[in-house]
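We did not get these values from a lab; they are worked out from the coordinates using the rules stated. Keep in mind that what you see is a predicted model, and the values were worked out from it rather than measured. Backbone-built Cβ (ideal geometry, glycine too); neighbour counts: all protein chains shown.
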Amino acid sequence: MTVLGYLANGLVFSSIIVLGSIGLSLVYSIADFANFAHGDTMTIGAYTALVTFGAVGGLGGAVLGLPYGFFLALVVGIVVAAVVAVGTEKLIYEPLDVDSIGLLITSIGIAFIYRAVIQIRFGSGFTRFDIQTLRPIEALLPYGIRVTLHDVAIVASAAVLVVGLHVLLQYTDLGRKMRARSGLSA
């Protein structure tokens with residue numbers, strides 16, 4: 001694999017990781033505690049998107065090799081994860097009168113609960129899906145870059161979501177309030 005191939009793979013994998021890390025750092029800066037349930041909340045959103053995609057997967061045409069149903073499932077997964085996160089904040093964290101260490105310990109318990117609910121519903125074994133493997137984009141192969149249209153969709157989706165978060169934080173009242181609460185600069 002060439003240096004460009006490694007860079008392309010790094011971009012794809014970091015596009016996945018950046019979404020979780022941005023959310024975790026925002027929670028830490030605003031709520032002042034490390035929310036160990038953050039990844040499990042993301043998992044709830046991912047499973048919601050998976051179930052939604054199973055219901056509407058073949059919807060309409062396709063963009064970057066992915067059917068419109070994928071993008072609808074992505075939005076549904078994001079909404080459900082947000083509702084779970086806000087609900088957990090309002091029902092669990094907010095009523096507690098504890099410091100950041102108490103919230104951290106509580107979030108570990110919440111993570112266990114979320115994980116158990118997911119495992120009860122979906123099991124803990126490996127599942128294989130009959131998804132056709134895409135071929136790499138032919139035009140990039142001479143450069144040693146082996147990415148598929150799905151990889152491009154991952155990077156594009158992450159870019160749209162990160163830019164959307166930036167716009168939310170910089171240009172909305174909610175974003176200004178979040179920045180003020182966290183001590184982030186204007």
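So between T2 and V117, what do we pick up on full extension, going 0.36 nm a residue minus the alpha carbon distance?
Taking T2 through V117 to full extension adds about 37.1 nm, to one decimal.
So what are the ³J(HN,Hα) numbers for segment 114-119, from phi and the Karplus equation (6.51, -1.76, 1.60; θ = phi - 60°), rounded to whole Hz, Gly and Pro as x?
4, 4, 5, 4, 5, 5
Normalising by the residue count of the chain, find the relative contact order in percent from Cα pairs under 8 Å and 6+ residues apart.
Relative contact order comes out at 32 percent.
Any idea what Rg and Dmax come out to for segment 24-118 if you just take the C-alpha atoms, in Å?
15.9, 51
To the nearest 20 debye, what charge dipole does the chain have about its Cα centre, counting +1 at the Cβ of each Lys and Arg and -1 at the Cβ of each Asp and Glu? Walk me through the numbers on the way to the answer.
On the way: 10 positive and 10 negative charges, 48 e Å.
Dipole about the Cα centre, nearest 20: 240 debye.
For segment 94-186, what does the alpha-carbon gyration tensor say about shape, rounded, prolate or oblate, given a ≥ b ≥ c as the root eigenvalues, a/c under 1.5 as rounded, and a/b over b/c as prolate?
Here segment 94-186 falls in the oblate category.
Please list 3J(HN,Hα) in residue order for segment 42-50, calculated via the Karplus relation 6.51 cos²θ - 1.76 cosθ + 1.60 where θ = phi - 60°; whole Hz, with x for glycine and proline.
Values per residue, Gly and Pro as x: 4, 5, 4, x, 5, 5, 4, 5, 4 Hz.
Please list, in order along segment 122-135, the HN-Hα scalar couplings obtained from phi with the Karplus expression 6.51 cos²θ - 1.76 cosθ + 1.60 (θ = phi - 60°), rounded to whole Hz, x for Gly and Pro.
In residue order, the calculated couplings are 10, x, 10, x, 6, 10, 9, 10, 7, 10, 5, 6, 7, 7 Hz.
Based on the Cβ-Cβ distance from I30 to F126, what FRET efficiency comes out when R0 is 35 Å, to the nearest 0.05?
0.45
Cα gyration tensor of segment 1-62, axes a ≥ b ≥ c as square roots of the eigenvalues: rounded (a/c below 1.5), prolate (a/b > b/c) or oblate?
Oblate is the answer for segment 1-62, as a/c is 1.5 or above yet b/c matches or exceeds a/b.
Specify the angular offset, from 0 to 90 degrees and rounded to the nearest 10, of the alpha carbon long axis of helix 173-182 from the longest principal axis of the alpha carbons in the chain.
For helix 173-182, the angle is close to 70 degrees.
At each listed q (0.12, 0.15, 0.17, 0.18 Å⁻¹), what is the log10 of I(q)/I(0) that the Debye formula gives for the chain modelled as equal alpha-carbon point scatterers?
Computed log10 I(q)/I(0) values: -0.74, -1.07, -1.26, -1.33.
Please give the net charge around L140, taking every other residue with its beta carbon less than 13 angstrom from that of L140, where Lys and Arg add +1 and Asp and Glu add -1.
Working: positive: R135, R146; negative: E138, D151.
Charge balance near L140 sits at 0.
Dipole of the chain (Lys/Arg Cβ +1, Asp/Glu Cβ -1, origin at the Cα centre): which of Y6, V117, L165 lies farthest to the positive side?
After comparing all options, I get Y6.
I need to check one value: relative contact order of segment 23-99, counting alpha carbon pairs closer than 8 Å and at least 6 residues apart, in percent.
Details: 60 pairs, mean separation 20.5, N = 77.
Averaging sequence separation for qualifying contacts and normalising by length gives 27 percent for segment 23-99.
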